[in-house]
Amino acid sequence: MRKITEELIGLLYPKRCPLCQDILIGQGARICTSCRKKAVPIREPKCKKCGKPIRSAQQEYCFDCSGREHYFTGGWAVFPYEKEIKQSVYQFKFHNKREYSDFYVSEMAGIYGHEILRWQPDVLIPIPMYRKKQRVRGYNQAEILARGIAKILDLPVDTTLLYRVKETIPQKELTRKEREINLKNAFKTSRDAVKLKKVLLVDDIYTTGATMDAAAAALLQCGVKEVRFLVLCTGRSDS
């Protein structure tokens, strides 16, 4: 009966490509053949700190990480935040296209799963939204990604330790310095986390690192020893 129900749902609501919205052909397909060629993961050279693509292999760090201390140890990013991927993530975040996460999660876990498991995080924590904002949207896109990745890698997820106490201005409207001020003391923790040595933060987009730094700082303050992150997309380096 369950199999019949799933088949009927598939006929009535066929899965669509997260980039072009065409109906997907083939069982288990998460992206169409033509868009698969457009969804190119970030390759070297990339920043050794945040994973952002950089112009030269002679560089170690991107413009944002050069000469700047981060609270997080390092991070991984799957796609550059541009073109079709950028539009897809917009639909995922603001137009309830939660089904797109099937593709996102498979790429995030597939490309960096081995590195994550080798690092052995104690828990995955999605970057939390301000409670009122999440009620309006109906979901936290970072939590959807974190739970999907955790299921594939068989790792726990914690959505109660870290929470957001400030309703911040959208980051895209601010300069790097303004982002840091905007996010100062934006996150708090609900308890001590001395038993957690390593935490992997999960989010959809990384830009200057201000959000990750603010979240990592709160976690380190409550007893976590090391924080890394995994994001679906990242902006390119300014230099």
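The values are calculated or read from the model by the stated rules, or taken from the named source; none is laboratory data. For clarity, every value in this text was computed on a predicted model and none was experimentally measured. All Cβ positions, even for glycine, are placed from backbone atoms using ideal geometry, and neighbour counts span all protein chains on display. Surface accessibility is based on the protein's heavy atoms, side chains included, excluding ligands, DNA and RNA. Shrake-Rupley method; radii C 1.70, N 1.55, O 1.52, S 1.80 Å.
Could you figure out which of (1) in contact (Cβ under 8 Å) with a residue 40 or more places away in the chain; (2) under 19 Å from Gly148 (Cα atoms); (3) open to solvent by 20 Å² or more (accessible area, probe 1.4 Å) isn't true of Gln134?
Gln134 satisfies every listed condition except (1).
For the condition modelled with pLDDT of 95 or more and either open to solvent by less than 40 Å² (accessible area, probe 1.4 Å) or not aliphatic (A, V, I, L, M) (or both), what is the one hit in Gln27, Gln87?
The conditions single out Gln87.
Against the definition (within 28 Å of Pro156 (Cα to Cα), among the acidic types (Asp, Glu) and open to solvent by less than 30 Å² (accessible area, probe 1.4 Å)), how does Glu107 come out, yes or no?
yes
Looking only at residues that are open to solvent by 60 Å² or more (accessible area, probe 1.4 Å) and in a loop (DSSP other than H, G, I, E, B) in region 1-24, which one is modelled with the lowest pLDDT? Give the derivation first.
Just the residues of region 1-24 that are open to solvent by 60 Å² or more (accessible area, probe 1.4 Å), to begin with: 1-9, 11-13, 15-16, 21-23.
Filter once more, so that each one left must be in a loop (DSSP other than H, G, I, E, B): 1, 13, 15, 21-22.
Values: Met1: 50, Tyr13: 72, Lys15: 91, Gln21: 95, Asp22: 95.
Per the criteria, the residue is Met1.
Of all residues in region 110-127, how many are in a helix (DSSP H, G or I) and either within 17 Å of Tyr206 (Cβ to Cβ) or open to solvent by less than 30 Å² (accessible area, probe 1.4 Å) (or both)?
Total satisfying the criteria: 6.
Considering region 30-84 alone, what residues qualify as being open to solvent by 60 Å² or more (accessible area, probe 1.4 Å), within 19 Å of Val202 (Cα to Cα) and either assigned to a strand (DSSP E or B) or not hydroxyl-bearing (Ser, Thr, Tyr) (or both)?
Answer for region 30-84, where residues must be open to solvent by 60 Å² or more (accessible area, probe 1.4 Å), within 19 Å of Val202 (Cα to Cα) and either assigned to a strand (DSSP E or B) or not hydroxyl-bearing (Ser, Thr, Tyr) (or both): just Lys48.
Of all residues in region 56-111, how many are over 29 Å from Ala218 (Cβ atoms) and acidic (Asp, Glu)?
Of the residues in region 56-111, 4 are over 29 Å from Ala218 (Cβ atoms) and acidic (Asp, Glu).
Which members of region 207-239 meet the condition of being of a type in the set (Gly, Ala, Ser) and open to solvent by 40 Å² or more (accessible area, probe 1.4 Å)?
Once the filter is applied, which keeps residues that are of a type in the set (Gly, Ala, Ser) and open to solvent by 40 Å² or more (accessible area, probe 1.4 Å), region 207-239 yields only Ser239.
Mind counting the residues in region 184-198 that are under 14 Å from Tyr163 (Cβ atoms) and outside any loop (DSSP other than H, G, I, E, B)?
3
What about Leu200, is it open to solvent by 30 Å² or more (accessible area, probe 1.4 Å), within 30 Å of Phe63 (Cβ to Cβ) and at pLDDT 90 or above?
It is false that Leu200 is open to solvent by 30 Å² or more (accessible area, probe 1.4 Å), within 30 Å of Phe63 (Cβ to Cβ) and at pLDDT 90 or above.
Small (Gly, Ala, Ser), under 22 Å from Phe79 (Cβ atoms) and not in a loop (DSSP other than H, G, I, E, B): which single residue out of Ala146, Ala214, Ala218 fits that description? Walk me through how you get there before you give the answer.
Working: Ala214 fails: under 22 Å from Phe79 (Cβ atoms); Ala218 fails: under 22 Å from Phe79 (Cβ atoms).
Only one candidate qualifies: Ala146.
Search region 28-52 for residues that are within 30 Å of His70 (Cα to Cα) and pair each with any residue that is open to solvent by 50 Å² or more (accessible area, probe 1.4 Å) when their beta-carbon atoms are under 6 Å apart and the residues are at least 6 apart or on different chains.
Pro41/Ile111; Pro45/Ala57; Cys47/Tyr61; Lys48/Glu60; Lys49/Tyr61
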